[in-house]
Structure formats: C-alpha cells, structure tokens
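Novice: This is the structure I want to talk about, given as structure tokens.
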Amino acid sequence: MTRGFLLVAVTGAAWFGSIDAAAAQNFEYDCDTQAEHYSVLKTVQDGPNYDVRGNISPRRVFAVKEYVTLGTLVLEPDDKSWRVRLGITALQAGADTVTMGTLEITRNGKAGKPQMLGQVFEYQMGKTYPIRLELGSEGGSATLGDHTVPIDLQAKGKVSASVICSGGEFLFTDLNLSGN
C-alpha cells in the first residue's frame with residue numbers, strides 16, 4: 001500500500017484538472033485511468049473547516065506493475081506539512097480483486113501506518129459507498145462505508161481538496177470538494 005502514493009513520481013501521460021468553477025456544487029466524476037497512470041481533480045478550501053464528501057464505487061482494476069489501483073479523497077495544506085488520504089485500494093490477485101479501505105496520514109513528510117476501515121474484501125466492485133473527510137482546528141473524522149474514525153490533526157489556512165485515482169475506474173457521485 002505504501003507504494004500507492006508514489007503516483008506523484010509517475011512519468012508519462014497524466015491528466016490534471018482544476019475544478020474551481022464546479023467547486024460550489026455536487027458533481028459526478030468517472031475517474032478512469034490506465035495502469036501506471038493517475039488522474040487528479042483539485043480545488044482549494046479556505047477553512048476554518050474543511051469537508052470533502054460524496055460516494056465512491058470501484059468499477060474496474062487494471063493489471064499494474066508498479067503502482068496500486070486506488071480511488072481517494074485527499075486534504076493537504078499549501079505548505080505540505082501534512083496530508084490525509086482516504087479511499088479504496090484494489091489489487092488484482094489472479095481471478096480475485098482484493099479491496100480494502102484505508103486512511104493514511106502523513107506529517108512532516110513521514111507517513112504513518114495506514115489504518116484499515118473495515119475488512120479486506122468488504123468494498124465490492126460495482127457497489128457504492130459514502131466517503132467523507134472532515135477536518136478543522138480541533139481535528140476531524142474520516143468515513144468510508146459504514147466506518148467512521150477520528151482524525152487527530154489540526155487544520156488551518158488554505159487546504160487543497162483533491163480526488164485522485166490510478167490504475168482503474170472509480171465512479172465518484174454526489175461529490176463535493178467545496179467544503180459547503
């Protein structure tokens with residue numbers, strides 16, 4: 001799983017978009033990327049509270065060599081002093097697709113141990129699950145499916161709110177990155 005965020009180092013075709021115009025409304029994003037590629041939608045929230053939410057449905061997994069297949073929501077400040085990533089990771093193991101929900105928190109460049117939300121195989125291909133990250137000056141919470149866990153991280157200032165996927169197809173519906 002830790003290799004999953006090496007996506008930043010991917011060289012090759014990658015699409016990056018800014019969604020400032022769409023930030024104030026809920027929308028659908030069919031994030032479909034081939035193996036070894038990723039896609040990012042990003043906007044900035046001013047705070048003091050930060051909220052990214054919607055639904056996620058894993059649809060397809062491509063055979064990957066280097067990077068894991070994932071669909072995530074991410075919050076990260078301009079100074080990159082921390083990052084919170086919540087989503088579904090999927091790996092092809094023979095005929096089976098192994099899925100898991102994870103919360104990953106990075107502080108000062110050091111990734112903490114990923115926290116599982118639910119059980120392996122709980123998140124099924126084609127099914128839809130609520131997903132939400134909330135942060136503020138007193139910390140926050142992460143919700144994926146029926147699981148909610150606290151986040152012990154204080155947020156302030158401008159924070160980037162992103163949707164990232166790689167190596168597969170994840171349908172995000174009722175997506176709101178504006179914090180409203």
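Readers should treat all values here as calculations from the given coordinates under stated rules, not as data from a laboratory. These numbers were taken from a predicted model, which means no experiment stands behind them. Backbone-built Cβ (ideal geometry, glycine too); neighbour counts: all protein chains shown.
Novice: Run the simple label-point estimate for Asp146 and Asn26 please: 7 Å along Cα→C-beta, distance reported in nm.
Specialist: Rounded to a tenth, the inter-label distance reads 2.2 nm.
Novice: Quick check on packing: order 45-52, 61-68, 87-94, 109-116 by the mean number of other C-beta atoms within 10 Å, highest mean leading.
Specialist: The densest-packed peptide leads the list: 87-94, 45-52, 61-68, 109-116.
Novice: Still on this structure: Can you count the Lys pairs in the chain whose Cα atoms are under 27 Å apart, with each pair 8 or more apart or on different chains?
Specialist: 19
Novice: Please compute, for the alpha-carbon atoms of the stretch 104-180, the extent along each of the three principal axes and give them in descending order in Å.
Specialist: That works out to 36, 28, 25 Å along the principal axes.
Novice: Another question about this same structure. Could you tell me, in Å, what Rg and Dmax come out for the Cα atoms of the stretch 15-176?
Specialist: Computed over the Cα atoms of the stretch 15-176, radius of gyration and Dmax are 14.8, 46 Å.
Novice: A further question follows. Report the extension gain between Lys80 and Lys65 in nm, rounded to one decimal, defined as 0.36 nm multiplied by the number of residues separating them, less their alpha carbon distance.
Specialist: Going from the current span to full extension adds 2.6 nm.
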